[in-house]
1. May I ask you to order 67-73, 28-34 by the average number of other C-beta atoms within 10 Å around their residues, highest value first?
2. Name the residue farthest towards the positive end of the dipole of the stretch 51-103 from the options LEU102, VAL52, PRO67, assuming +1 on Cβ of Lys and Arg, -1 on Cβ of Asp and Glu, about the Cα centre.
3. Quick one: if you stick a label point 7 Å off each Cα along the C-beta vector at ARG100 and ALA42, how many nm between them?
4. Loop only by DSSP, 12 or fewer other Cβ within 10 Å of the Cβ. Give me the chymotrypsin sites (Phe, Trp or Tyr not before Pro) in the stretch 1-63 that pass, ordered by residue number.
5. Let me have the 222 nm mean residue ellipticity of the chain computed from DSSP H runs of 4+ only, each contributing -39500 (n - 2.57), with the sum over all residues rounded to the nearest 500.
6. Roughly speaking, to the nearest percent, how much of the chain's 1.4 Å accessible area is carbon and sulfur?
7. Work from the charge dipole of the chain (Cβ charges, +1 for Lys and Arg, -1 for Asp and Glu, about the Cα centre) and give the residue of LEU29, TYR41, ALA11 farthest towards its positive end.
8. At 1.4 Å probe size, with every protein chain present, just tell me what the per residue accessible area of the chain comes to in Å².
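The values are calculated or read from the model by the stated rules, or taken from the named source; none is laboratory data. As the structure is a computational prediction, the values presented were derived from the model and not from experiment. Neighbour counts are summed over all protein chains in view; Cβ atoms, including those assigned to glycine, are modelled from backbone coordinates with ideal geometry. To get the accessible areas, we keep the full protein, side chains included, count just its heavy atoms, and leave off ligands, DNA and RNA. Shrake-Rupley method; radii C 1.70, N 1.55, O 1.52, S 1.80 Å.
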Amino acid sequence: MATEDVDRYIADLEEPKRTTLEEMRRRILEVIPDAEQGLSYAVPAFKVDGRVVAGLAAFKSHLSYLPHSGSVLPSIRDRTTDYSQTKSALHFPIDTPLPRELVRELIEIKLQQTRSR
């Protein structure tokens, strides 16, 4: 994994996607500052202890937060009702990052899962 790959992915986006994903990257790194950054499944990913714990992706009309687990989002569904989602992705607007508190909670849940395995 290479930070430069994430840099290129974000740099290649049009505004406001670029600015929003860069802010999401900062918010993720506030929670896991030593995360290894790179691409997983061709989108930005953040690894802790060799496991991907968070990811981001840009699409035509939305951005996605990817917990890389099908059980993270259902566990906090009551706090994500303002967002559309699938089992494995939380969708958010192209011009508004997820709240810091939500990012922290998503990462902490995933970290708990990886530590219990």
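1. My ranking of the peptides, most packed first, is 67-73, 28-34.
2. My answer, from the dipole projection, is VAL52.
3. Result for the modelled spin labels: 3.5 nm.
4. Filter output for the stretch 1-63: TYR41, PHE59.
5. My calculation for the chain gives -11500 deg cm²/dmol from helical runs alone.
6. Values: 2990 of 6160 Å².
The computed percentage sits at 49.
7. It is TYR41.
8. 53 Å²
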